[in-house]
Ligand code: GLP
């Protein structure tokens, strides 16, 4: 696991931006994308650049169950606003929050099998979750429906009018689905991520209690961490 320490979110986002461009120039065709506030600036930098994703495919990590793609809090909508409208991909896959569970799991696993991810971007939750794989998720999990933990609901409620509006369930790529990515870049910015970063970089073996530690066994992971998030390492 390579750890790149940067001063702040701006510097870290610039670094991620460069790695994405490098991957695209090097022939990467499938980009695994994440939502959340962490990658927002990277998407802004890409949107304002001359990058061309029209021959590439994007695959997103997760989506809230019950939200349509045009709902303002859906992850599909987030991606359109932050990146896809400015930089369209040949195809952009995000789980369908309105689809029935078994059908969506089957459909998304098919998408992943047909579009193996070359470069996966990840954020991290303060409890160590990646995508919506909460603590206790089996390391060999594939796409599944998850009940969000209270800590995730609390962290995400800032985007909703009121806490009751935060969906309680999500569809998410599983930990083993994420591990199939050829290269993974995890971004962590801000002091709220310091413990999660410490738990990740000090782990020697994967621990289901801390989902991010599945990455310990991946051969090509880069963690970009700013000063605040690196405070405990
Ligand atoms: C959400 C997303 C994750 C994201 C995490 C951290 O739960 N499902 O993919 O990494 O939150 O979010 P943020 O980047 O806003 O801190």
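Read-outs throughout are calculated quantities, based only on the coordinates presented, and are distinct from any laboratory measurement. Since this is a predicted model, take the numbers as computed values, not measurements. Reconstructed Cβ throughout: ideal geometry from the backbone, glycine too, with neighbour counts over all protein chains shown.
Report the gain in length on full extension from residue 114 to residue 180: 0.36 nm times residue separation, minus Cα-Cα distance, nm rounded to one decimal.
My answer for the length gained is 22.5 nm.
What is the range 2-218 by shape, rounded, prolate or oblate, if you read a ≥ b ≥ c off the alpha carbon gyration tensor as root eigenvalues and call it rounded for a/c under 1.5, prolate for a/b larger than b/c, and oblate otherwise?
Rounded.
Please give the FRET efficiency for residue 195 paired with residue 71, using the beta carbon to beta carbon distance and R0 = 45 Å, rounded to the nearest 0.05.
In this case the efficiency is close to 0.90.
In what sequence do 168, 76 fall when counting other Cβ within 10 Å, fewest first? All intermediate terms of the calculation are to be shown ahead of the outcome.
Working: 168 12, 76 23.
Fewest-to-most ranking of 168, 76: 168, 76.
Could I have the simple spin-label model distance between residue 161 and residue 91, label points 7 Å from Cα toward Cβ, reported in nm to one decimal?
3.7 nm
Given the options 22, 109, 44, which has the most mean-square fluctuation in a GNM of the chain, springs set between C-alpha atoms less than 10 angstrom apart?
22
I need to check one value: relative contact order of the range 174-217, counting alpha carbon pairs closer than 8 Å and at least 6 residues apart, in percent. All intermediate terms of the calculation are to be shown ahead of the outcome.
Numbers: 26 pairs, mean separation 14.2, N = 44.
Answer for the range 174-217 is 32 percent.
Report, for the range 2-218, the % of DSSP beta bridges that are antiparallel, rounded to 5. Walk me through the intermediate numbers first.
On the way: 9 of 22 bridges.
Bridges in the range 2-218 that DSSP calls antiparallel: roughly 40 percent.
Can you give me the relative contact order of the range 142-227 as a percent, contacts being Cα pairs under 8 Å and 6 or more apart?
Numbers: 91 pairs, mean separation 24.4, N = 86.
For the range 142-227, the relative contact order is 28 percent.
If you stretched the chain out fully between residue 25 and residue 37, how much longer would it get, using 0.36 nm times the residue separation minus the C-alpha to C-alpha distance? Before the final figure, lay out the partial values.
Working: separation 12, 0.36 × 12 = 4.32 nm, distance 2.61 nm.
The residue 25-residue 37 span can extend by a further 1.7 nm.
Out of 163, 63, 147, any idea which swings most in a Gaussian network model of the chain, alpha carbons joined below 10 Å?
The residue that fluctuates most here is 163.
Tell me, what is the percent relative contact order of the chain, built from C-alpha pairs under 8 Å that lie six or more residues apart? Can you show the working numbers first?
Numbers: 478 pairs, mean separation 60.2, N = 233.
About 26 percent, as a whole number.
For labels at residue 145 and residue 98 in the simple 7 Å Cα→Cβ model, what's the distance in nm?
If labels sit at residue 145 and residue 98, their model points lie 1.7 nm apart.
Under 14 Å from the 7 Å Cα→Cβ point of residue 44, by amide nitrogen: which residues of the range 69-100?
The answer is 82-83.
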